[in-house]
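One structure is given below, encoded as structure tokens.
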Amino acid sequence: MAGGDHRTRVTKMLIRRAFTELLRVKPVQSISIKELCEKAGVNRGTFYAHYQSVYDLLRQMEDDLLSEINAVLAGLLPEDGKGVSSLRISTELFQCLKDNADLCIVTLGDFGDKSFAVRMLNMGWEKCIAAYSRYFRNATPKEIAYFYAFVSEGCIGLLRRWLREGMTTSAEEVAAMAEQLMLHGASALEKRAP
């Protein structure tokens, strides 16, 4: 059984790698099963043993990433609100996205699934709203909702920029920039005297 599990993981990895390579140059609707299988070095029957279509493959890959993000958030946003660190949350999220760079690049790129970013933002909505409400105790629910909309869209833009640069900046540094911009806006860019 263990050999079969390993073989399945390797096969799925080959299919995923071939799929993300194709998604870098063309939209999902232009990718045929035949082309994907040839690039992955697997036969059509093997593909269909795991996926119903290229859309099913994309959805499963996105669902896997969203599950990882959800697990990261669950571990970083305890119900009691104790020990919540926005920098730590941002760092862990950016690291999770970096670990899944192949999917992020194609999903948030020119030929990606535009609904994925929306799914990603909606997933964190409740948890982040609760965390922000504890952090900004004097803010109204409406202000918190607008803050989340502003910050989350800004983080998607930051993520796209980071992806275009090849993610050479560390997750910690990107998270620190995001936090400074979230909490201090443009004043975070002012030069400090040495």
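Numerical summary
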quantity: Full-stretch length increase - Asp110, Arg7 - with 0.36 nm per residue and alpha-carbon distance subtracted; calculated: 33.9 nm
quantity: Nearest 10 degrees, 0 to 90: helix 114-135 Cα axis against the chain principal axis; calculated: 30
quantity: Mean separation of Cα contacts under 8 Å, 6 or more apart, over the residue count of the chain: relative contact order %; calculated: 22
quantity: Between 0 and 90°, nearest 10: helix 86-99 axis offset from the chain longest Cα axis; calculated: 20
quantity: Proximal lysine pairs, the chain, alpha carbons under 18 Å, eight or more residues apart or interchain; calculated: 7
quantity: Principal-axis tilt of helix 171-184 within the chain, Cα atoms, nearest 10 degrees; calculated: 40
quantity: Among Ala171, Ala117, Ala74: highest mean-square fluctuation, GNM of the chain, C-alpha pairs under 10 Å; calculated: Ala74
quantity: Extent along principal axes [Cα atoms of segment 3-56; Å; largest to smallest]; calculated: 34, 18, 17
quantity: Backbone N under 14 Å from the Glu172 label point (7 Å along Cα→Cβ), restricted to segment 54-76; calculated: none
quantity: Segment 26-38 - phi-based ³J(HN,Hα) in whole Hz, Karplus 6.51/-1.76/1.60, Gly and Pro as x; calculated: 7, x, 4, 5, 9, 9, 8, 4, 4, 4, 4, 5, 4
quantity: Spacing of the two label points (7 Å from each Cα toward its C-beta) at Phe136 and Ala74, in nm; calculated: 2.8
quantity: Theoretical gain in end-to-end length, Ser32 to Ile129 [0.36 nm per residue, Cα-Cα removed]; calculated: 30.8 nm
quantity: Equivalent ellipsoid dimensions for segment 86-155 as semi-axes, Å, which come from the Cα gyration tensor, largest first; calculated: 25, 14, 8
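Values quoted throughout were computed directly from the atomic coordinates according to the rules given, and no laboratory measurement underlies them. Everything quoted here is computed from the prediction, not taken from an experiment. Please note: Cβ atoms are built from the backbone with ideal geometry, for glycine as well, and neighbour counts cover all protein chains shown.
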